[in-house]
1. Looking only at the range 1-28, filter to residues that are open to solvent by 90 Å² or more (accessible area, probe 1.4 Å) and not hydrophobic (A, V, I, L, M, F, W, C); which one of those is nearest to residue 61 (Cα to Cα)?
2. Quick check on residue 4: is it at negative phi, modelled with pLDDT of 95 or more and in contact with a Gly (Cβ under 8 Å, 6 or more places away or on another chain)?
3. I need a count of the residues in the range 29-65 that are hydroxyl-bearing (Ser, Thr, Tyr) and closer than 18 Å to residue 7 by Cα.
4. Can you tell which of 58, 22 is hydroxyl-bearing (Ser, Thr, Tyr), free of Cβ contacts under 8 Å to residues at least 40 places away in the same chain and in contact with a helix residue (DSSP H, G or I) (Cβ under 7 Å, 6 or more places away or on another chain)?
5. Starting from residues that are among the β-branched types (Val, Ile, Thr) and out of contact with any Phe, Trp or Tyr (no Cβ under 8 Å at 6 or more places or on another chain), keep the ones in the range 29-65 and report whichever is surrounded by the most Cβ atoms within 10 Å (Cβ to Cβ).
6. Just to confirm my filter: which strands (runs of 3 or more DSSP E) fall fully inside the chain and include at least 3 residues that are of a type outside the set (A, V, I, L, M)?
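The values are calculated or read from the model by the stated rules, or taken from the named source; none is laboratory data. If you're wondering where the values come from, they're calculated on a predicted model, not measured in any experiment. Don't worry about glycine lacking a Cβ; one is built from the backbone with ideal geometry, like all the others, and counts go over all protein chains shown. Ligands, DNA and RNA are excluded from the accessible area calculation, which covers all protein heavy atoms including side chains. Shrake-Rupley method; radii C 1.70, N 1.55, O 1.52, S 1.80 Å.
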Amino acid sequence: MKKKAKLIFKHNSFDIIQSGDYVICAVSGKEIMLKNLNYWNVDLQEAYFSPKEVKIRYKEIQSKK
């Protein structure tokens, strides 16, 4: 059974606050296995499934400025 993890994102690493197998992408809602987690935003404390979701979030943030 898979369990959702809770993380604190840092520059170049993350701390596991609650152990688990995956986190949820803030943009797509897809599950990201921790071993595959490569993209996140430290300031927003969000995980992203792929560069595609990073680009979507970046454009959203830029449009609010």
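1. 11
2. Details: at negative phi: yes; modelled with pLDDT of 95 or more: yes; in contact with a Gly (Cβ under 8 Å, 6 or more places away or on another chain): yes.
Criteria met by residue 4.
3. The total comes to 3.
4. Going through 58, 22 in turn, just one is hydroxyl-bearing (Ser, Thr, Tyr), free of Cβ contacts under 8 Å to residues at least 40 places away in the same chain and in contact with a helix residue (DSSP H, G or I) (Cβ under 7 Å, 6 or more places away or on another chain): 22.
5. Within the range 29-65, the subset among the β-branched types (Val, Ile, Thr) is 32, 42, 54, 56, 61.
Keeping just the survivors that are out of contact with any Phe, Trp or Tyr (no Cβ under 8 Å at 6 or more places or on another chain) gives 56, 61.
Values: 56: 14, 61: 12.
The extreme case among them is 56.
6. Answer list for the chain: 6-10, 13-18, 39-41.
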